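Asks: I'd like to ask some things about the structure below.
The values are calculated or read from the model by the stated rules, or taken from the named source; none is laboratory data. From a predicted model like this one, the values you see are computed outputs, not experimental measurements. We place every Cβ from the backbone using ideal geometry, glycine too, and count neighbours over all the protein chains shown.
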Amino acid sequence: MSLLDPSPLMNIAHRPDRVMVRGRGSYLWDHTGRRYLDFVQGWAVNSLGHCPVEIVQALEEQARTLITPSPAFHNEPQLALARRLVDLSGLSKIFFTNSGAEANEGAIKIARKWGRRHKGGAHEIVTTEGAFHGRTLATMAASGKPGWDKLFPPKMPGFARVPYGDAGAIERAVHEGTAAIMVEPIQGEAGVRTPPDGYLAELRRIADERNVLLIFDEVQTGIARTGALFAHQAEGALPDVLTLGKGLGGGVPIAAVVANERASVLEPGEQGGTFNGNPLVTRVALAVLSRVSTPTFLEEARQASNHLMKRLEPIARRHGSGPRGRGLLVAMDLEDAIAGRVRDRCFERGLLINAPRDSTLRLMPSLCVSHAEIDEMAEILGRVLSDAG
Ligand SMILES: *Cc1c(COP(=O)(O)O)cnc(C)c1O
């Protein structure tokens with residue numbers, strides 16, 4: 001197969017001169033038949049790797065049964081998935097969306113509605129520097145990505161921003177007009193920045209004392225990515241609103257907003273979407289959840305994480321610092337701003353890794369990655385870094 005012409009596509013991303021045609025587990029193949037060991041997995045999306053049998057089966061069976069009855073009707077997989085996620089999260093109500101950004105838009109709507117109904121019109125949301133909440137106008141305003149404030153003016157108002165990992169700064173930013181605090185339990189796109197121990201629990205205390213909602217964006221950290229089903233479980237700090245995406249669908253587009261009773265303020269007509277909660281994607285998410293929510297699965301993912309950290313330690317010591325992160329969301333810093341070049345060299349040698357910052361490499365393999373695949377990754381990365389240094 002030859003490379004197809006990419007010129008009709010709007011030029012919104014630098015992509016290599018390859019077309020990806022097939023995937024299986026931790027491997028991806030391009031149009032020339034080259035194989036890549038995938039430690040990006042569609043940005044932490046393919047929780048069970050490429051084309052896992054559970055997802056293929058769920059899609060096949062559901063496609064033969066019912067694809068979309070219309071969002072105006074109930075469907076079985078959506079009802080089952082809602083029950084499952086509410087039980088697993090300890091929260092009480094849910095609505096489904098097609099992307100993480102849309103889920104966060106929903107969380108922002110909830111905060112504004114809640115502030116109007118229960119707090120005299122309070123609507124400001126306290127967010128953090130370096131945050132990534134999505135690419136819609138509101139979620140861009142909620143994000144703290146360098147340079148983003150100047151894109152697409154006017155910027156959506158109603159967001160305050162403080163340094164990440166500093167609970168005191170959040171407490172000082174909360175005032176009468178504050179409706180919610182919105183954070184990622186670990187900042188993924190910022191390069192896997194982990195807050196100090198106790199941060200999430202402190203935010204829970206502040207939210208209770210100052211009467212604001214606490215929103216955790218777990219679009220990247222949720223669904224076993226960090227070794228627990230949800231990253232906030234490490235501190236036992238339950239949010240009022242939890243957003244999920246990426247790994248939830250194991251590769252198909254589905255995301256969710258989960259809320260407790262207190263935050264479930266939306267009424268008919270205030271939220272919705274044509275494809276939301278359709279049986280095809282909710283059936284897949286059910287299949288993903290049945291696999292990842294078992295103690296054995298989580299234990300194996302934690303063992304894979306230990307092995308990954310162990311293999312990355314000597315590489316990080318020699319070429320920079322780290323590794324850091326939790327579970328299978330891991331990064332290391334390099335001494336120089338060569339992360340993009342290292343990523344490209346790895347690509348040439350058949351390894352996919354991500355460079356979220358100039359001197360930061362990020363790894364987010366399948367949650368079922370094998371120890372042998374981790375060894376193979378470490379060998380290629382170690383060699384590329386030695387050649388680059
Ligand atoms: C990827 C991501 C989003 C946006 O999700 P999309 O599905 O790309 O809209 C939001 N928040 C976090 C933390 C993310 O990592």
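Asks: Just to be sure before I move on: is residue 131 within 14 Å of the ligand (Cβ to nearest atom), assigned to a loop (DSSP other than H, G, I, E, B), under 20 Å from the mean Cα position of the chain (by Cα) and closer than 24 Å to residue 357 by Cβ in the structure I sent?
Replies: On the way: within 14 Å of the ligand (Cβ to nearest atom): yes; assigned to a loop (DSSP other than H, G, I, E, B): yes; under 20 Å from the mean Cα position of the chain (by Cα): yes; closer than 24 Å to residue 357 by Cβ: yes.
Considered against the rule, which asks whether it is within 14 Å of the ligand (Cβ to nearest atom), assigned to a loop (DSSP other than H, G, I, E, B), under 20 Å from the mean Cα position of the chain (by Cα) and closer than 24 Å to residue 357 by Cβ, residue 131 comes out as yes.
Asks: Look at segment 27-72 and say how many of its residues are more than 16 Å from the ligand (Cβ to nearest atom) and either assigned to a loop (DSSP other than H, G, I, E, B) or exposed (fewer than 13 other Cβ atoms within 10 Å of the Cβ) (or both).
Replies: Here the count works out to 23.
Asks: Contact list please: Cβ distance under 9 Å, first residue in segment 368-389 and buried (at least 21 other Cβ atoms within 10 Å of the Cβ), second residue modelled with pLDDT of 95 or more and aromatic (Phe, Trp, Tyr), pairs at least six apart or on different chains.
Replies: Hits for this filter: 369/39; 373/27; 373/39; 374/39; 377/39; 381/39.
Asks: So, in segment 76-108, exactly how many residues are within 16 Å of the ligand (Cβ to nearest atom), in a helix (DSSP H, G or I) and among the small types (Gly, Ala, Ser)?
Replies: 5
Asks: Kindly indicate whether residue 200 is in contact (Cβ under 8 Å) with a residue 12 or more places away in the chain and more than 15 Å from the ligand (Cβ to nearest atom).
Replies: Judged against the criteria, residue 200 is not a match.
Asks: Follow-up question, since we're still on this one. Quick check on segment 142-152: of everything there that is of a type outside the set (D, E, K, R) and farther than 16 Å from residue 187 by Cα, which residue is nearest to the ligand (Cβ to nearest atom)? Lay out the reasoning, then the answer.
Replies: Just the residues of segment 142-152 that are of a type outside the set (D, E, K, R), to begin with: 142-144, 146-148, 151-152.
From what's left, farther than 16 Å from residue 187 by Cα: 147-148, 151-152.
Numbers: 147: 17, 148: 13, 151: 16, 152: 16 Å.
The qualifying residue nearest to the ligand (Cβ to nearest atom) is 148.
Asks: Keeping to segment 272-300, report how many residues are small (Gly, Ala, Ser) and out of contact with any helix residue (DSSP H, G or I) (no Cβ under 8 Å at 6 or more places or on another chain).
Replies: 1
Asks: From the set of residues in segment 211-234 that are within 16 Å of the ligand (Cβ to nearest atom) and polar (S, T, N, Q), which is nearest to residue 324 (Cα to Cα)?
Replies: Going through the qualifying residues, I end up with 226.
Asks: While we're here: Could you tell me how many of the residues in segment 263-314 are under 30 Å from residue 212 (Cα atoms) and either touching a residue at least 60 places away in the same chain (Cβ under 8 Å) or small (Gly, Ala, Ser) (or both)?
Replies: Here the count works out to 11.
Asks: Still on this structure, please answer the following. Report the residue count in segment 153-166 for those that are more than 16 Å from the ligand (Cβ to nearest atom), more than 24 Å from residue 257 (Cβ to Cβ) and not acidic (Asp, Glu).
Replies: Step one: list which residues in segment 153-166 are more than 16 Å from the ligand (Cβ to nearest atom), which gives 153-155, 157-158, 160, 162-163, 166.
Those left that are additionally more than 24 Å from residue 257 (Cβ to Cβ): 153-154, 163, 166.
The next check asks that each one be not acidic (Asp, Glu); those that pass are 153-154, 163.
Final tally of qualifying residues: 3.
Asks: Any idea how many residues of segment 310-331 are part of a helix (DSSP H, G or I) and closer than 19 Å to residue 41 by Cα?
Replies: 1
Asks: Kindly indicate which of 104, 75 is polar (S, T, N, Q) and either surrounded by fewer than 14 Cβ atoms within 10 Å (Cβ to Cβ) or over 19 Å from the mean Cα position of the chain (by Cα) (or both).
Replies: On the way: 104 fails: either surrounded by fewer than 14 Cβ atoms within 10 Å (Cβ to Cβ) or over 19 Å from the mean Cα position of the chain (by Cα) (or both).
It is 75.
Asks: Any residue in segment 82-109 that is of a type in the set (Asp, Glu) sitting within a Cβ distance under 8 Å of a residue that is assigned to a strand (DSSP E or B) and within 15 Å of the ligand (Cβ to nearest atom)? List the pairs, counting only those 6 or more apart or interchain.
Replies: As it stands, the answer is 102/255; 105/97, since those pairs meet every condition given.
Asks: Given the conditions (1) at pLDDT 95 or above; (2) more than 19 Å from residue 134 (Cα to Cα), report the number of the one that residue 269 does not fulfil.
Replies: Evaluating residue 269 over (1) at pLDDT 95 or above; (2) more than 19 Å from residue 134 (Cα to Cα) leaves (1) as the failure.
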